[in-house]
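The values are calculated or read from the model by the stated rules, or taken from the named source; none is laboratory data. Here the structure is a predicted model, which means the values were calculated and not measured. Backbone-built Cβ (ideal geometry, glycine too); neighbour counts: all protein chains shown. What goes into the accessible areas is simple: the full protein's heavy atoms, side chains included, and nothing from ligands, DNA or RNA. Shrake-Rupley method; radii C 1.70, N 1.55, O 1.52, S 1.80 Å.
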Amino acid sequence: MPRNRILGLIALAAVLSLAVAAGRIQDEPLSFMTLTDEHAMLQKSIGTWEGELAIYMGPEPMKVPVTEVVEGVGQFWIQSRFSCEMMGMPYLGISSMSYDAAKKKFIGTMIDSQSSFLAIMDGDYDKKTRTLTMSFMAPDMTGKSVPHRNVITYADEDSYSSEFFIGEGEGRRVSSTAMKRKKSAAVDESGN
């Protein structure tokens, strides 16, 4: 059989394999392309939030006002910008979050203005307690990599609280927040 004909048959087989695979993708969407109830839950957090951050470093917590702006990145992801002034310095934390349907885990990343560390998180949601627990490994104040855990509890669609822990087991609580969704300005009857 001539070499060109063999190459042509190989190319035809490759094209047919791709066509079959494309048909299978259309018939059975891949898990990472399928919207879930968990994605819809995350989308409900889009908006501007205000509240208070308590930092537990001494006998009394240091409390500062905080703002968080959550935006959608399509229907699968949200991105959050959490800002405040911490110990006289501006602080900005940026996180992204989604749900990995194949792993059945919430996933996310976080960076902040006071470190060069990229946190890669995953976690679970407990429907009964309306609590999302995200975990990751990160350096502590000594530079040692230790478990970190953020426990977010949703009171309702317009308020949530969170507690942040560092260390093995239950860990040590280092901060907490209480947040409320900022209400949009009311429009009077004239439309203004």
Exercise. Relative to a virtual label point 7 Å from the Cα of SER31 in the Cα→beta-carbon direction, which members of the range 51-84 show backbone nitrogen distances below 19 Å?
Worked result: 76-77
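Please work out how much length the chain gains when fully extended from ASP140 to VAL69, using 0.36 nm per residue of separation minus the C-alpha to C-alpha distance, in nm with one decimal.
Full extension from ASP140 to VAL69 adds 22.9 nm.
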Problem set entry | Carbon + sulfur, % of accessible area of the range 70-192 - ligands and nucleic acids excluded, 1.4 Å | 55 percent
For this session: For a label point 7 Å from the Cα of ILE111 along Cα→C-beta, name the residues of the range 56-87 whose backbone N is under 14 Å from it.
Result: 80-82
Seminar exercise, completed: Applying the gyration tensor rule to the Cα atoms of the range 33-192 (axes a ≥ b ≥ c; rounded if a/c under 1.5, else prolate if a/b exceeds b/c, else oblate), the class is oblate
For this session: Determine, from the Cβ-Cβ distance of ALA40 and LEU118 and an R0 of 35 Å, the FRET efficiency 1/(1 + (r/R0)^6), rounded to the nearest 0.05.
Result: 0.80
For this session: Please give the solvent-accessible surface of SER184 in Å², to the nearest 10, using a probe radius of 1.4 Å with every protein chain present.
Result: 110 Å²
